[in-house]
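The values are calculated or read from the model by the stated rules, or taken from the named source; none is laboratory data. Bear in mind the structure is a predicted one, so any value in this text is a computation, not a measurement. Ideal geometry is used to build each Cβ from the backbone, glycine not excepted, and the neighbour counts take in all protein chains shown. Surface accessibility is based on the protein's heavy atoms, side chains included, excluding ligands, DNA and RNA. Shrake-Rupley method; radii C 1.70, N 1.55, O 1.52, S 1.80 Å.
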Amino acid sequence: MTDNQLAILFRAQLLAGLARHGLSAVPVIASYQPTTEGRATEAAIYFFALPESRHGWQGRRRKVNLQTHKIDTTEVQIIQGGFQVFALAPQDPQNLTLPTAKDLVNIAAMICNSQVFAQAMNRAGVGVQRVTEIRNPYFVNDQGQFEPSPSFDIKITHQRSLSEITPVVDDFAISIHRV
């Protein structure tokens with residue numbers, strides 16, 4: 001599975017989970033995009049990919065194709081990676097019913113831990129390992145105010161594969177020569 005396929009799948013499942021819980025108006029946005037998008041003016045959930053590590057040995061499967069006289073080799077590697085999910089939500093002291101950034105992150109973490117989310121990811125060939133604790137650091141925003149940026153990491157596993165075709169040897173002859 002490629003990076004883009006994984007990000008699209010993750011985002012789609014998170015959006016579906018938010019919709020199931022009445023939060024379909026909350027956008028889920030990929031951070032660090034190749035184009036300048038800017039910050040959403042309303043509450044939003046953001047995510048970006050974490051580093052990947054390879055687990056175990058690279059598996060190989062070979063199959064001889066008798067019609068083409070070639071060997072189809074597929075190599076598969078289990079990859080553990082994940083996403084960091086965080087939220088930003090402007091607060092209005094006059095309206096305390098609005099969800100905070102931490103509320104949104106907690107809901108997103110619960111969705112990522114849900115059975116429905118895990119089953120949907122599994123059907124696509126992605127395993128959900130765990131959701132980490134929720135961090136809540138503060139930063140100074142573009143208006144000079146302290147703003148929380150709560151986040152969590154979700155660890156997932158998936159496979160990357162590589163296929164090659166090698167011609168089959170039809171026959172060979174041994175010959176011994178003097179040197």
Residue 39 open to solvent by 80 Å² or more (accessible area, probe 1.4 Å), basic (Lys, Arg) and outside any strand (DSSP E or B): yes
Residue in segment 57-70 that is hydrophobic (A, V, I, L, M, F, W, C), surrounded by 15 or more Cβ atoms within 10 Å (Cβ to Cβ), at pLDDT below 95 and in contact with a strand residue (DSSP E or B) (Cβ under 8 Å, 6 or more places away or on another chain) present: no
Tally of residues being more than 23 Å from residue 140 (Cβ to Cβ) and in contact with a Leu (Cβ under 9 Å, 6 or more places away or on another chain) across segment 52-110: 11
Total residues in segment 9-32, condition surrounded by 13 or more Cβ atoms within 10 Å (Cβ to Cβ) and part of a helix (DSSP H, G or I): 11
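Condition check ((1) free of Cβ contacts under 8 Å to residues at least 12 places away in the same chain; (2) among the aliphatic types (A, V, I, L, M)) across all residues:
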| residue | (1), (2) |
| --- | --- |
| 5 | yes, no |
| 17 | no, no |
| 29 | no, yes |
| 46 | no, no |
| 49 | no, yes |
| 54 | no, no |
| 57 | yes, no |
Within segment 134-150, tally of residues that are out of contact with any strand residue (DSSP E or B) (no Cβ under 7 Å at 6 or more places or on another chain), modelled with pLDDT under 90 and open to solvent by less than 90 Å² (accessible area, probe 1.4 Å): 1
Residues within segment 125-161 that are among the polar types (S, T, N, Q) and assigned to a strand (DSSP E or B), tallied: 5
Conditions (1) open to solvent by less than 50 Å² (accessible area, probe 1.4 Å); (2) part of a loop (DSSP other than H, G, I, E, B); number of the one not met by residue 48: (2)
Residue 127, sole failed condition from (1) surrounded by 13 or more Cβ atoms within 10 Å (Cβ to Cβ); (2) closer than 20 Å to residue 29 by Cα: (2)
Odd one out for residue 43 among (1) among the hydrophobic types (A, V, I, L, M, F, W, C); (2) in contact with a helix residue (DSSP H, G or I) (Cβ under 8 Å, 6 or more places away or on another chain); (3) at pLDDT 95 or above: (3)
Subset of segment 103-121 (residues that are open to solvent by 50 Å² or more (accessible area, probe 1.4 Å) and more than 16 Å from residue 21 (Cβ to Cβ)): 119
Evaluation of residue 77 against (1) open to solvent by 20 Å² or more (accessible area, probe 1.4 Å); (2) more than 30 Å from residue 41 (Cβ to Cβ); (3) of a type outside the set (Val, Ile, Thr); (4) not in a loop (DSSP other than H, G, I, E, B) (one fails), failing number: (1)
Unique match (being farther than 22 Å from residue 134 by Cα and in contact (Cβ under 8 Å) with a residue 12 or more places away in the chain) among 77, 94: 77
